[in-house]
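J.: Shown below is the structure under consideration.
The values are calculated or read from the model by the stated rules, or taken from the named source; none is laboratory data. Fair warning: this is a prediction, and the values are worked out from it, not measured in the lab. We place every Cβ from the backbone using ideal geometry, glycine too, and count neighbours over all the protein chains shown. With ligands, DNA and RNA removed, areas are computed over all heavy atoms of the protein, side chains included. Shrake-Rupley method; radii C 1.70, N 1.55, O 1.52, S 1.80 Å.
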Amino acid sequence: MKKGNICAVITNKDVAAIAKTEPLVDMFEVRIDLVGQGWQEIAGDLKKPWIATNRPPDEGGNWKGNETIRQEELLKALELGADIIDIELATDNLDELVPLIKKKAKCMISYHDFKKTPQFENLKNIIKKQKAASADICKVITTATSFEDNLTTLKLISAFPGDKVISFAMGNEGIISRILCPLSGGYLTYVSTGKEMESAPGQLSALELTGLYEVMAND
């Protein structure tokens, strides 16, 4: 039934939670800005493909240093064997970073709106910009304020057939889009490694989502 991947977001150094989650997911995301010092050791022990992400505060992250050091820390993941590097569309020197990333890993270019879900045509234009910047994977995450916002984000996936697209809405109103994203052809959806370990509003745990998929498959 499941077309896309389930990616568990690592937000701390709870190795027991990571180990418990591993059989349930296809890959991990290491949130450098949330894990903090010691993230390299966590990443080095992963037995599944992983994404490296280091979010600045204006993109919903917790990075405390300056922009140059943020990028340097993120690029360290290339030497540790990261399969994908997530970099924000709004990054000033995107044209310099993307070629560096693509020498050793896939490049995910991401966009987040923490207040709303923009108009569908606006979202399509964002993906076109990501593609123009040579993204291997396009990620567009919005915030749902209505049920219709779920449909808007999921429709975005089918608007770009043949491309790797991640599109869903955050918040309680957007949970359904998180569930349906990989079932609608999206590249992946994100889950937490456990309760109180969420990296964004509305994120289910790996146990919750895989349990839900099992029920759906047996229905």
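J.: In whole percent, what relative contact order does segment 1-138 give with Cα contacts below 8 Å and a gap of six or more residues? Could the numbers behind the result be given before it?
T.: Details: 190 pairs, mean separation 23.1, N = 138.
That works out to 17 percent.
J.: Could you tally the net charge around L78, taking each other residue with its Cβ under 15 Å from the Cβ of L78, Lys/Arg +1 and Asp/Glu -1?
T.: Value of the local net charge: -1.
J.: Place a label point 7 angstrom from the Cα of L183 along the Cα-to-Cβ direction, then list the residues of segment 109-153 whose backbone nitrogen is under 15 Å away.
T.: Once the point is set 7 Å along Cα→Cβ of L183, 150-151 turn out to lie under 15 Å by backbone N, inside segment 109-153.
J.: If R0 is 22 Å, what FRET efficiency do you get for D95 and Q40 from their C-beta distance, rounded to 0.05? Can you show the working numbers first?
T.: On the way: r = 27 Å, r/R0 = 1.24.
E(calc), rounded to 0.05, equals 0.20.
J.: Summing Lys, Arg as +1 and Asp, Glu as -1, what charge do residues with Cβ under 10 Å from the Cβ of N62 carry, N62 excluded?
T.: Net charge in that neighbourhood comes out at +2.
J.: What distance in nm lies between label points placed 7 Å from Cα along the C-beta direction at N218 and V15?
T.: Here the modelled spin labels are 3.4 nm apart.
J.: Calculate for the chain the 222 nm mean residue ellipticity that helices alone would give, adding -39,500 (n - 2.57) per DSSP H run of length 4 or more and normalising by residue count, nearest 500 deg cm²/dmol.
T.: -11000 deg cm²/dmol
J.: Taking the Cα centre of the chain as the origin and placing charges on Cβ (Lys, Arg +1; Asp, Glu -1), which of F120, G211, G38 is farthest toward the positive end of the dipole?
T.: F120
J.: So, for segment 88-207, what is the accessible surface per residue at a probe of 1.4 Å, expressed in square angstrom?
T.: Ligands and nucleic acids excluded, the result is 45 Å² per residue.
J.: Oh, and also: Mind scanning K106/K128; K20/K106; K76/K116; K131/K155; K48/K76; K115/K164 and naming the pairs with a C-alpha gap bigger than 29 Å?
T.: K76/K116
J.: Tell me the label-point distance for the pair E22, F120, using the 7 Å Cα-to-Cβ offset, in nm and rounded to one decimal.
T.: 4.3 nm
J.: Sticking with this one: Quick check: from the Cα gyration tensor, does segment 1-62 come out rounded (a/c under 1.5), prolate or oblate?
T.: It comes out oblate by the Cα gyration axes.
J.: Please give, to one decimal in nm, the separation of the simple spin-label points placed at N62 and S134, each 7 Å out from Cα toward the Cβ.
T.: 3.3 nm
J.: Another question, if that's okay. Which percent of the accessible heavy-atom area of the chain goes to carbon and sulfur, probe 1.4 angstrom?
T.: For the chain, the apolar C and S fraction of the accessible surface comes to 52 percent.
J.: Once amide H atoms are placed 1.01 Å from N in the peptide plane, what residues at a sequence separation of 5 or more from V191, or on another chain, have their amide H within under 5 Å of its amide H?
T.: Under 5 Å from the amide H of V191: C7, A8, V9.
J.: With every protein chain present, what accessible area does D92 have (1.4 Å probe, heavy atoms only), rounded to the nearest 10 Å²?
T.: 150 Å²
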